[in-house]
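Colleague: This is the structure I have questions about; it appears just below.
The values are calculated or read from the model by the stated rules, or taken from the named source; none is laboratory data. Every value quoted in this text rests on a predicted model; they were computed, and no experiment measured them. Cβ placement follows ideal geometry from the backbone for every residue including glycine, while neighbour counts extend to all protein chains displayed. Only protein heavy atoms, including side chains, enter the accessible area calculation; ligands, DNA and RNA are left aside. Shrake-Rupley method; radii C 1.70, N 1.55, O 1.52, S 1.80 Å.
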Amino acid sequence: RASDVQVTFQDQVVKQGRVVGFDEDRDIAVLQVGDDITDEDEDEGGSGGGGPSSAAVSPVSTSKPSSSSSSELASDRAKANRKEKKESPFTIQPLPRGTSEDLVVGQRVYAIGNPFGLDHTLTAGIVSGLGREISSGNTGRPIYDVIQTDAAINPGNSGGPLLDSDGNVIGINTAIYSSTGTSSGVGFAIPIDPIEMFVDQLLKFGRITQPILGITFAPDQLVDELGIEGILVLKCVDGGPAWKAGMQPTTRDSFGRLVLGDIVVGINDTKTKTSLDLYRVLNKLSVGDLATLDIIRGNAKEKIDVTLMDSQSVMPKMLNVQSIIEEMRAGGMDNEEEEE
């Protein structure tokens, strides 16, 4: 998270900003932009945009001035420029917001960003796909209903707007699909319609409230190798939703043999074969909602009700249990689970 933010506009006006809130999953943030950085601040070593303006330039000479008239004239001009600037305050003109609901494959779109540090770059393309699903580059959680475009998106485009032909914002550029790290004709943007909900939460809480079960589960690849269809619970966080509901984690018996925990095979009447299936349902729920889990415990099927909690109150505890996964793997988790 940035501790110091400066926003440089196209006319090189620089304004201070601060991070109001951010969503790590979708890599979006809300910034509050403060007052203009004055010319005096730039002249005193403050951070400027594209260099000092004429009002910030003081006459400097390598020889003695013949008279004081030149310096007085420069001072008068500087004062006049400052007065003019105060009388015409800088205003921010937001881009018009469109909708992503009625997008169609083939329509023209335009991406704005700073690829490779080249600011105010515009690239054009079409909507090449809709309803895509990608994984967050920060957290690995799935992002749904993503817009796919062939408009060139490169490192530095993330966070820039995706526009329709009328100049309306229909998405926020977020990622590319590439083996080289540069544009290969497949870029992705988060649709603008759900952004409003995210922004409301960022303004209210400073983050996105994320409902979770409070469990650590085995990686999908490992579960698939074991021939298990579902989500194998490794650990329930003490005091978390699943722990309160009585969910059973994976443990070892007195002989050190692995005893598999509950296997989640459904949530709210939706089957969960992988962790993505679970996330799809959780992302549509809110903190405090009641989720009904279908689990396999031993050889029996059961249903348990779990009241979802905010990720912020549970995640710090979950971080402390990640070592258990490493410990179980180091102890031959694959082999012992296959023997089970």
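Colleague: Under a point spin-label approximation (7 Å from Cα along Cα-to-Cβ), what is the residue 104-residue 310 distance to one decimal in nm?
Modeller: About 4.4 nm separates the two model spin labels.
Colleague: Using 24 Å as the Cα-Cα cut-off, could you pick out the over-long pairs in 204/271; 204/303; 204/284; 244/301; 204/244?
Modeller: The pairs that break the limit, which is 24 Å between Cα atoms, are 204/271; 204/303; 204/244.
Colleague: Between residue 203 and residue 12, what FRET efficiency comes out of the Förster formula 1/(1 + (r/R0)^6) with R0 = 30 Å and r the beta carbon distance, rounded to 0.05? Numbers along the way, then the final one.
Modeller: Working: r = 29 Å, r/R0 = 0.96.
After rounding, the FRET efficiency stands at 0.55.
Colleague: Between residue 269 and residue 114, 0.36 nm times their residue separation minus their Cα-Cα distance comes to what?
Modeller: Taking 0.36 nm per residue and subtracting the Cα distance, the gain is 51.3 nm.
Colleague: Report the gain in length on full extension from residue 297 to residue 95: 0.36 nm times residue separation, minus Cα-Cα distance, nm rounded to one decimal.
Modeller: On the way: separation 202, 0.36 × 202 = 72.72 nm, distance 5.35 nm.
Stretched out fully, the residue 297 to residue 95 stretch lengthens by 67.4 nm.
Colleague: A further question on this structure: What is the percent carbon and sulfur in the accessible area of the range 204-321, measuring with a 1.4 Å probe over the protein chains and ignoring ligands?
Modeller: 51 percent
Colleague: Towards the positive end of the charge dipole of the range 98-249, with charges on Cβ (+1 Lys, Arg; -1 Asp, Glu), say which of 249, 137, 222 has the farthest Cα.
Modeller: Of 249, 137, 222, it is 249.
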